[in-house]
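One structure is given below, encoded as structure tokens.
The values are calculated or read from the model by the stated rules, or taken from the named source; none is laboratory data. As the structure is a prediction and not an experimental result, all values here were calculated from the model. Cβ atoms come from the backbone with ideal geometry, glycine included; neighbour counts cover every protein chain shown. When the accessible area is computed, the model is the full protein with side chains, heavy atoms only, and any ligands, DNA or RNA have been set aside. Shrake-Rupley method; radii C 1.70, N 1.55, O 1.52, S 1.80 Å.
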Amino acid sequence: MSKTVDDILIGVLDDLGEAELKKFRRKLCDRKQEPKVRRGIVEKADPVDLVDILTRTFTEDGAVNVAIEVLAAINCQDVAKELMEFKKSPGSCVTSGDRMESATGPTKMNQDKHFVDHHRTALIDRVSQVEPLLDRLLERGIITQNAYSDVKANRTTQNRMRELYDGPLKACGPKGKDIFLDILMEMEPFLISDLKGE
């Protein structure tokens with residue numbers, strides 16, 4: 001009998017040590033994207049309860065994506081990779097909108113749109129490490145010190161990403177966007193492979 005999303009997620013969370021599970025709970029509550037998970041609900045949750053909370057809050061598809069994102073954020077790359085493999089496996093019932101769209105191949109998505117423009121909304125919602133991203137963009141000359149300060153002045157991660165898109169990224173052209181994507185692939189590999197449907 002094939003494993004369900006619940007089985008896989010419970011297995012993954014069961015394998016985490018107590019300290020990692022605590023980090024997972026904390027990072028899950030710290031997510032800026034909606035819907036948010038309240039700390040009081042997950043504070044004492046064991047892996048089974050946590051999976052129940054994840055699937056009720058985000059649906060089965062969303063629960064896997066959020067788990068991958070949170071695991072990557074707490075440096076549990078191996079476990080996140082295991083979930084990515086499950087997602088890609090033929091028997092998996094998990095799909096994402098991006099995945100469906102890339103069934104014809106990522107190159108067919110829209111030839112005149114750069115990958116970072118095509119996935120603008122997802123990147124604004126899901127990139128979690130904006131400050132280190134800004135540091136690298138400044139270092140590579142993609143943004144100026146003024147643009148860096150303007151972007152950083154925004155209070156939320158999403159607003160910082162919007163400001164980055166509406167200013168420096170709009171101006172830097174395809175080469176600058178390629179560098180932006182390279183930096184993202186290095187910093188948020190699971191997010192980018194998810195968007196590419198890999």
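Looking at the range 130-140, is at least one residue farther than 30 Å from Lys87 by Cα and not in a helix (DSSP H, G or I)? Yes - at least one qualifying residue is present in the range 130-140. Given the conditions (1) at pLDDT below 90; (2) closer than 16 Å to Lys170 by Cα, which single one is not true for Ser128? Status for Ser128: all satisfied but (2). Entry remark, the range 60-95: residues being within 17 Å of Pro189 (Cα to Cα) and either modelled with pLDDT under 80 or assigned to a helix (DSSP H, G or I) (or both) number 22 in total.
For (1) touching a residue at least 60 places away in the same chain (Cβ under 8 Å); (2) open to solvent by 50 Å² or more (accessible area, probe 1.4 Å); (3) of a type in the set (S, T, N, Q), each residue gets a yes or a no:
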residue: Leu28; (1), (2), (3): no, no, no
residue: Lys36; (1), (2), (3): no, yes, no
residue: Val48; (1), (2), (3): no, yes, no
residue: Asp52; (1), (2), (3): no, yes, no
residue: Ile68; (1), (2), (3): yes, no, no
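Summed over the range 172-185, residues that are under 24 Å from Asn65 (Cα atoms) and touching a residue at least 24 places away in the same chain (Cβ under 8 Å) total 4.
Scanning the range 179-195 for any residue that is over 30 Å from Glu82 (Cβ atoms) and open to solvent by 20 Å² or more (accessible area, probe 1.4 Å) turns up at least one such residue. Could you give every pair whose Cβ atoms fall below 6 Å, whose first residue belongs to the range 146-171 and is more than 11 Å from Ile124 (Cα to Cα), and whose second residue is surrounded by fewer than 18 Cβ atoms within 10 Å (Cβ to Cβ), counting only separations of at least 6 or pairs across chains? That search, which allows pairs on different chains as well, returns Ala147/Gly167; Tyr148/Leu138. Of the residues making up the range 16-26, at least one is of a type in the set (Asp, Glu), under 21 Å from Leu191 (Cβ atoms) and open to solvent by 30 Å² or more (accessible area, probe 1.4 Å).
Could you please let me know if Arg140 is more than 19 Å from Ile68 (Cβ to Cβ), touching a Gly at 6+ places or on another chain (Cβ under 9 Å) and surrounded by fewer than 19 Cβ atoms within 10 Å (Cβ to Cβ)? Taking the combined requirement at face value, the residue satisfies it. Of all the residues in the range 141-168, those that are polar (S, T, N, Q) and either in a helix (DSSP H, G or I) or in the same structural domain as Val66 (by the TED database) (or both) number 6.
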